[in-house]
Ligand code: MLT
Ligand code: MN
Ligand code: ZN
C-alpha cells in the first residue's frame with residue numbers, strides 16, 4: 001500500500017490568503033507553503049483513490065507523478081474520491097475534477113445529501129461527467145479496486161456551516177483502509193473531535209495513520225486570532241490531548257495533518273512533539 005499526502009493544511013491552507021498571524025506571515029516570507037488536507041492511496045500502484053478533494057486538488061495532482069493520466073488520452077488511475085466530510089476544504093476540489101469521463105464519489109448518506117442540496121456539487125457535476133455515487137456503509141467493509149478494503153467509522157456530527165439540517169448526523173468520518181494482499185492498514189482521521197473507545201479500537205493494529213493535527217494545544221487559536229471557540233467546539237481535538245492515547249498504539253506510524261495556520265508545529269523547522277505530515281510526502285509499506 002502506498003499513501004501520498006496531497007495536502008497537509010486545514011481549510012484555508014498555510015499561509016491563508018487573508019491571515020497575518022505569526023505562522024502565515026512566516027510561511028509567506030519563507031515560501032514554505034502547505035496545501036489543504038487530502039491524500040491519495042493505492043494497493044497495487046495502478047488503481048488510486050483520493051481521500052477528499054481540496055480546493056488545491058489540481059496543483060496537488062500535478063505534483064504527484066504517481067497519478068499521471070494515460071495510457072489512453074483520457075485515462076486516469078484515479079478510480080474515485082472518498083469523502084470523509086462535506087466541508088468546503090474537502091469537497092470544493094470536486095468541481096475541478098469535472099473533466100473526468102467518469103467520476104465516482106463515496107461518502108455517507110449525510111455527506112452525499114449535503115452535496116445534493118445545500119452545496120449542490122453533485123447536480124452540477126452531473127452536467128459535466130458520468131457521476132457515480134456510492135454510500136459508505138458505516139462499520140461494514142467495502143471493496144475497492146487494486147485490492148483495498150475500506151471501513152468507515154463516524155467520529156463526529158459537526159455540520160458544515162453552509163449546510164441545512166435534515167440529511168442525518170453522519171457528518172465526520174474516519175477511514176480504515178486495508179491492503180487485502182499484505183494485510184497492511186492505513187487509518188485516516190483528519191477531523192477528530194474526541195478520542196473515544198470506539199476510535200481507539202478503530203486505530204488498533206493499523207500500520208500508519210493520518211490524524212487530526214489542526215491544533216497543537218487548546219489555546220493557540222485564542223492567542224493568535226482572539227477567537228474564543230475551543231478546538232473541541234470546532235471539531236478538532238488538539239495534538240497534546242491525543243498523545244497520551246497514542247502511547248497505547250506504539251506500533252502505528254502516526255502523522256498529524258490538517259494543520260491549522262495557528263498551529264506552531266505547522267511552521268517550517270518548528271519543534272513538534274510528533275511527526276507532522278508534509279505535502280508530497282509518500283509512505284509505502
Ligand atoms: C473544519 O475542518 O473544521 C472545517 O473545514 C472548517 C472550515 O474550513 O470551514
Ligand atoms: Mn477542514
Ligand atoms: Zn494565519
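Throughout, read-outs are computed from the coordinates displayed, never taken from laboratory work. From a predicted model like this one, the values you see are computed outputs, not experimental measurements. Backbone-built Cβ (ideal geometry, glycine too); neighbour counts: all protein chains shown.
Descriptive notes on the structure:
- Tensor-based shape of region 72-179 (alpha-carbon gyration tensor, a/c under 1.5 rounded, otherwise prolate or oblate): oblate
- Whole-angstrom gap from region 1-55 to region 138-171, using each part's C-alpha centre: 21
- Selected from 206, 30, 143 as most flexible by GNM, with the chain as the system and alpha-carbon contacts under 10 Å: 30
- Listing 285, 171 from fewest to most neighbouring C-beta atoms within 10 Å gives 285, 171.
- Relative contact order of the chain, taken over Cα pairs closer than 8 Å and 6 or more residues apart, is 21 percent.
- Overall form of region 108-259 per C-alpha gyration tensor (a/c, 1.5; a/b vs b/c): oblate
- Counting every C-alpha pair in region 1-52, the share spaced more than 17 angstrom apart comes to 45%.
- Sorting 5, 88 from the fewest to the most surrounding beta carbons within 10 angstrom yields 88, 5.
- Computed [θ] at 222 nm, helices only, for the chain once each DSSP H run of length n ≥ 4 contributes -39500 (n - 2.57): -4500 deg cm²/dmol
- Relative packing of peptides 117-129, 62-74 - highest average C-beta neighbours within 10 Å first: 117-129, 62-74
- Once the Cα-Cα distance is subtracted from the 0.36 nm per residue extended length, the residue 223 to residue 157 segment shows a gain of 21.1 nm.
- Extending 7 Å from the Cα toward the beta-carbon at both residue 164 and residue 198 defines two label points whose distance is 2.7 nm.
- Quotient of Cα Rg and 2.2 N^0.38 Å for the chain, N being how many residues it contains: 0.94
- Zero-based 5 Å bins, Cα pair distances in region 175-285, whole percents: 2, 11, 23, 23, 18, 12, 6, 2, 1, 0
- Under the simplified labelling scheme, the residue 253-residue 116 pair shows an inter-label distance of 4.0 nm, with each label point 7 Å from Cα along Cα→Cβ.
- Looking at the chain, the DSSP beta bridges with both ends there are about 50 percent antiparallel.
- Ordering 204, 2 by the number of other Cβ atoms within 10 Å of each residue's own Cβ, fewest first, gives 204, 2.
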